[in-house]
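In what follows, a structure is listed as structure tokens, so that the remarks can point back to it.
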Amino acid sequence: MRTSWILHWAARALAAVSTTLIALMATDGLAWPNPSEWALIAFFPIGVVAGFVWAWRTPAAGGTLSVLSLVGFYLMHRTLAGNWPSGPWFAVFSAPAAVFLAAAVAAQFEHPAPAHPA
């Protein structure tokens, strides 16, 4: 069995679990977010989950969007709160993005692009 296929399906399963857990936590009945919290929400979970959805068909693009959204979340949190988010959980819930990227890299090694004639 091809490594890229295994990684891609593992990433899909992990993304489904991660998205489900994020949705359960996001709907726990807390107060409505303020504008600065909406800026954070745009990156995590919305940007990260949008990347998961995109990665279902295009692993490299979707994985990249999820990773960039996570980086944006950390930078925005640092800007708004003056400190970095504590704990590993934002990165843990975004981990399927790394597996999608690994699947994309593995696919490139299994099916290299054709060489262009000189």
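Residues to consider are Ala98, Ala107; find the one that is at pLDDT 95 or above, under 21 Å from Trp54 (Cα atoms), among the small types (Gly, Ala, Ser) and surrounded by 10 or more Cβ atoms within 10 Å (Cβ to Cβ).
Being at pLDDT 95 or above, under 21 Å from Trp54 (Cα atoms), among the small types (Gly, Ala, Ser) and surrounded by 10 or more Cβ atoms within 10 Å (Cβ to Cβ) holds for just one of Ala98, Ala107, which is Ala98.
Anything in region 10-49 that is more than 15 Å from the chain's Cα centre (by Cα) and modelled with pLDDT of 95 or more? List them, or say none.
Result: no residue meets the conditions.
Residues being free of Cβ contacts under 8 Å to residues at least 12 places away in the same chain and over 18 Å from Ile22 (Cα atoms): count how many of those fall in region 76-104.
The total comes to 6.
Given the condition of a type in the set (Phe, Trp, Tyr), out of contact with any Gly (no Cβ under 6 Å at 6 or more places or on another chain), without any contact (Cβ under 8 Å) to a residue 12 or more places away in the chain and under 25 Å from Pro112 (Cβ atoms), answer yes or no: does some residue in region 6-23 qualify?
Within region 6-23 (the criterion being of a type in the set (Phe, Trp, Tyr), out of contact with any Gly (no Cβ under 6 Å at 6 or more places or on another chain), without any contact (Cβ under 8 Å) to a residue 12 or more places away in the chain and under 25 Å from Pro112 (Cβ atoms)), the answer is yes, since at least one residue qualifies.
Looking at Ala42, Ala60, can you tell me which residue is out of contact with any Phe, Trp or Tyr (no Cβ under 7 Å at 6 or more places or on another chain), farther than 30 Å from Phe109 by Cβ and among the small types (Gly, Ala, Ser)?
The unique qualifying residue is Ala42.
Kindly indicate whether Phe52 is touching a residue at least 24 places away in the same chain (Cβ under 8 Å) and closer than 18 Å to Ala13 by Cβ.
Yes.
Those residues that are of a type in the set (D, E, K, R) and surrounded by 13 or more Cβ atoms within 10 Å (Cβ to Cβ), I need them from region 3-38; list them, please.
Arg12 - this is the single residue of region 3-38 that is of a type in the set (D, E, K, R) and surrounded by 13 or more Cβ atoms within 10 Å (Cβ to Cβ).
Please find, within region 54-75, the residue that is surrounded by the most Cβ atoms within 10 Å (Cβ to Cβ) out of those that are closer than 15 Å to Ser18 by Cβ and under 9 Å from the mean Cα position of the chain (by Cα).
Per the stated criteria, the residue is Ser66.
For Gly87, only one of the following conditions fails: (1) at pLDDT 95 or above; (2) of a type in the set (Gly, Ala, Ser); (3) surrounded by fewer than 14 Cβ atoms within 10 Å (Cβ to Cβ). What is its number?
The single condition Gly87 does not satisfy is (1).
Could you list, in sequence order, all residues of region 78-118 that are under 22 Å from the mean Cα position of the chain (by Cα) and aromatic (Phe, Trp, Tyr)?
Result: Trp84, Trp89, Phe90, Phe93, Phe100.
Please note which helices (runs of 4 or more DSSP H) are completely contained in region 12-118 and include at least 2 residues that are β-branched (Val, Ile, Thr) and more than 28 Å from Arg2 (Cβ to Cβ).
Helices (runs of 4 or more DSSP H) meeting the threshold: 59-81.
The values are calculated or read from the model by the stated rules, or taken from the named source; none is laboratory data. A quick note: this is a predicted structure, and the numbers were derived from the prediction, not measured. Using ideal geometry, Cβ is built from the backbone for each residue, glycine included, and neighbour counts are taken over all protein chains shown.
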